[in-house]
Amino acid sequence: MDVSIFSISIILFLIMDPIGNVGSYLTLMQGIEPKRIKLVLLREMVIALAFMIFFSYLSEALFDILQVSEVTVSLSSGLILFLTAIKILFPTTDGLRANLPKGEPFVIPLAVPLIAGPSLLATILLFSHLEQNQTSMLIAIFFAWISSLFVLYFAPFLNRYLGKSGLMACERLMGMILVMLAIQRFMEGVYQFIHTSGVIASAP
């Protein structure tokens, strides 16, 4: 399946949902020395990037073992994107923030799962298998990663000038875009299934 680097980057960026994570990120950074905040952010982002790259390389070995068809992978990617979009549109961030640990984060919960969550890693697995171009996939991952890093780096500014309502509106917009992309991916999978299964050819 031919999907451009730009399209994959957009999808991965939307799943990372850095705008939706601004509040949780700022909560995690409370109590940390200001001069260490950027260092902690960079460290956690690098750890998250390592997870993304690992899952990208894991893709082929995993799917060689599972022996699933491309149609199944395409339908699964659309379903995962849709469920992620629903989560973005109807978040439960208040409960999440209430359970955030105190002190400087290390791997959990910032790198994983706030940045590199299960939905993102599963999507990387599926897309890496569909694209079968490791270089393009790594470039897409890096573009999405650096964009998320940029958003979180300026999180205090965004929180100050957009406010909770502005951030929520941006997050909802990202969720709606992801819904459209999810439906498109799912329909592509349905189209592939119809043509590869011979449903049309066998119809009276």
Within the range 132-143, is there a residue that is buried (at least 21 other Cβ atoms within 10 Å of the Cβ) and among the aromatic types (Phe, Trp, Tyr)?
no
So Ile194 fits all but one of (1) closer than 30 Å to Ser69 by Cα; (2) outside any helix (DSSP H, G or I); what number is the exception?
(2)
Going through the range 54-92 in order, the residues found to be buried (at least 17 other Cβ atoms within 10 Å of the Cβ) and among the β-branched types (Val, Ile, Thr) are Val71, Val73, Ile80, Thr84, Ile88
If you go through the range 27-41, how many residues are exposed (fewer than 11 other Cβ atoms within 10 Å of the Cβ) and either outside any loop (DSSP other than H, G, I, E, B) or polar (S, T, N, Q) (or both)?
3
Matching entry among Ser9, Ser24 (being in a helix (DSSP H, G or I), within 19 Å of Glu131 (Cα to Cα) and among the small types (Gly, Ala, Ser))
Ser9
Here are some residues: Leu114, Leu120, Leu126. Which one is modelled with pLDDT of 95 or more and either acidic (Asp, Glu) or crowded, with 19+ Cβ neighbours inside 10 Å (or both)?
Leu120
Are any residues in the range 180-194 closer than 14 Å to Leu75 by Cα and either of a type in the set (A, V, I, L, M) or modelled with pLDDT of 95 or more (or both), and if so, which ones?
Leu181, Ala182, Ile183, Met187, Val190, Ile194
Which ranges mark the helices (runs of 4 or more DSSP H) fully within the range 78-190 that have 3 or more residues being under 23 Å from Phe54 (Cα atoms), touching a strand residue (DSSP E or B) at 6+ places or on another chain (Cβ under 6 Å) and polar (S, T, N, Q)?
none
Residue pairs qualifying under the 9 Å Cβ cut-off, at least six apart or on distinct chains, with the first in the range 70-92 being closer than 15 Å to Met176 by Cβ and the second being basic (Lys, Arg), are Leu81/Arg185; Phe82/Arg185; Ile88/Arg172; Leu89/Arg172
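The values are calculated or read from the model by the stated rules, or taken from the named source; none is laboratory data. This is a predicted model, so every value here is computed, not measured. Glycine gets a Cβ as well: all are built from the backbone with ideal geometry, and neighbour counts include every protein chain shown.
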